[in-house]
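Encoded as structure tokens, the structure appears first; notes follow it.
The values are calculated or read from the model by the stated rules, or taken from the named source; none is laboratory data. Just so you know, these numbers come straight off a predicted model, no measurement behind them. Cβ sites come from the backbone with ideal geometry, for glycine too, and all protein chains shown count toward neighbours. Surface accessibility is based on the protein's heavy atoms, side chains included, excluding ligands, DNA and RNA. Shrake-Rupley method; radii C 1.70, N 1.55, O 1.52, S 1.80 Å.
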Amino acid sequence: MGGNFTGRRRAAGALLAAGLVSGLISGCSTPSQASSTAPSSTASAPSAAPGSASPSATGQGSAAGAGVDTAAAYRKWGIEPLAAPPAPPAKKPVTLRPGSDVPVISEIPTQDKVVFITVDDGAEKDPEFVTMMSELKIPFTMFLTDAAISSDYGYFERLQRLGNGVQNHTLTHPNLRTLGPAAQKREICGQQNRLKRHYGTTPRLFRPPYGNWNEGTRAAAKACGVEAIVLWRESMQIKNMQYQRGDRKLHPGDIILAHFRGPSDLKGRTMTEMTANMLRRIQEQGFTVARLEDYL
């Protein structure tokens, strides 16, 4: 999603073999490409988010930024502790109705000083990232492409067991706007089935590669059981974020895009270094991180 995946690393070989083309490190698309958003739906949603364990089962929903052990973990990774997120809202600000028209969202309507981290693709499988997320207890949502993850499904299962959601990012990462209805449906429904087989639940959320979608994408997503198309407001670079708004600031409810990327794409930096930088930018602006599935 931002620039192209090339043959820069062996881990990307599966992506290239499947015809996966990625974008710039800044995201699946530039902000101008990702400008298509729609008002949030206001129907009912399931009470639990498939694709992950409940926050209470993992401690993610209440432990981030709190407690001696977590504070020590933040120091280990060179980060100032984030505040604990508020309790999940009793009434979700975005409620989704299965089978209704699929909304396209880039942020969650909330006054909570929270943002939501999403991590795409799956080419990089850094074991230190699992350790980092286990220790920091930062919730995030994975939008996974089968061509990127198929060499090691178990890596993402370890992240899922921490309470992180597994959601759909197509089988092979095509530009869906170049595909007809049947091909779009194969990409989306095929990944719905693949992720259910490997991770136990069918995703509710879908992110189109590069942020590119059309009405055919919405129709295909609906036919495949998707309840919302999720875009983003900021995309994490190596040290700083790329913002869509002119004020270059986070806003309550913003969705942040990051990627499973390694040193070849991050100019020698590791995924944990990139993540630490992202958390610093969030903390510096007075925000903390909440679990996306708790809000829609």
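Listed by first and then second residue, the pairs linking a residue in the stretch 151-176 that is without any contact (Cβ under 8 Å) to a residue 40 or more places away in the chain to a residue that is of a type in the set (Val, Ile, Thr), with Cβ atoms under 8 Å apart and 6 or more places separating them unless they lie on different chains, are Tyr155/Val130; Tyr155/Ile149; Arg158/Val130; Leu159/Val130; Thr170/Thr145; Thr170/Ile188. Among the residues making up the stretch 189-206, those that are open to solvent by 10 Å² or more (accessible area, probe 1.4 Å) and out of contact with any Cys (no Cβ under 7 Å at 6 or more places or on another chain) are Gly190, Asn193, Arg194, Lys196, Arg197, His198, Tyr199, Gly200, Thr201, Thr202. The residue of the stretch 282-296 that is farthest from Arg204 (Cα to Cα), among those that are in contact with an Asp or Glu (Cβ under 9 Å, 6 or more places away or on another chain) and surrounded by fewer than 19 Cβ atoms within 10 Å (Cβ to Cβ), is Glu284.
Whether any residue in the stretch 249-263 is of a type outside the set (A, V, I, L, M), open to solvent by less than 10 Å² (accessible area, probe 1.4 Å) and more than 17 Å from Asp121 (Cα to Cα) is what I want to check. Within the stretch 249-263, one or more residues are of a type outside the set (A, V, I, L, M), open to solvent by less than 10 Å² (accessible area, probe 1.4 Å) and more than 17 Å from Asp121 (Cα to Cα).
Please verify whether the stretch 243-251 includes one or more residues that are at negative phi and in contact with a Leu (Cβ under 6 Å, 6 or more places away or on another chain). No, the stretch 243-251 contains no residue that is at negative phi and in contact with a Leu (Cβ under 6 Å, 6 or more places away or on another chain).
Among the residues in the stretch 207-220, are any buried (at least 23 other Cβ atoms within 10 Å of the Cβ), β-branched (Val, Ile, Thr) and touching a Cys at 6+ places or on another chain (Cβ under 9 Å)?
Of the stretch 207-220, the ones buried (at least 23 other Cβ atoms within 10 Å of the Cβ) are 207-211, 213, 217, 220.
In the following step, the residues that additionally are β-branched (Val, Ile, Thr) were identified as 217.
From the residues that got through so far, the ones that are touching a Cys at 6+ places or on another chain (Cβ under 9 Å) too are none.
No, every residue in the stretch 207-220 fails to be buried (at least 23 other Cβ atoms within 10 Å of the Cβ), β-branched (Val, Ile, Thr) and touching a Cys at 6+ places or on another chain (Cβ under 9 Å).
Could you say whether any residue in the stretch 171-184 is open to solvent by less than 40 Å² (accessible area, probe 1.4 Å) and of a type in the set (D, E, K, R)? No, the stretch 171-184 contains no residue that is open to solvent by less than 40 Å² (accessible area, probe 1.4 Å) and of a type in the set (D, E, K, R). Return a yes/no flag: does the stretch 177-190 have any residue that is in a loop (DSSP other than H, G, I, E, B) and either under 16 Å from the mean Cα position of the chain (by Cα) or at pLDDT 95 or above (or both). Yes, the stretch 177-190 contains a residue that is in a loop (DSSP other than H, G, I, E, B) and either under 16 Å from the mean Cα position of the chain (by Cα) or at pLDDT 95 or above (or both).
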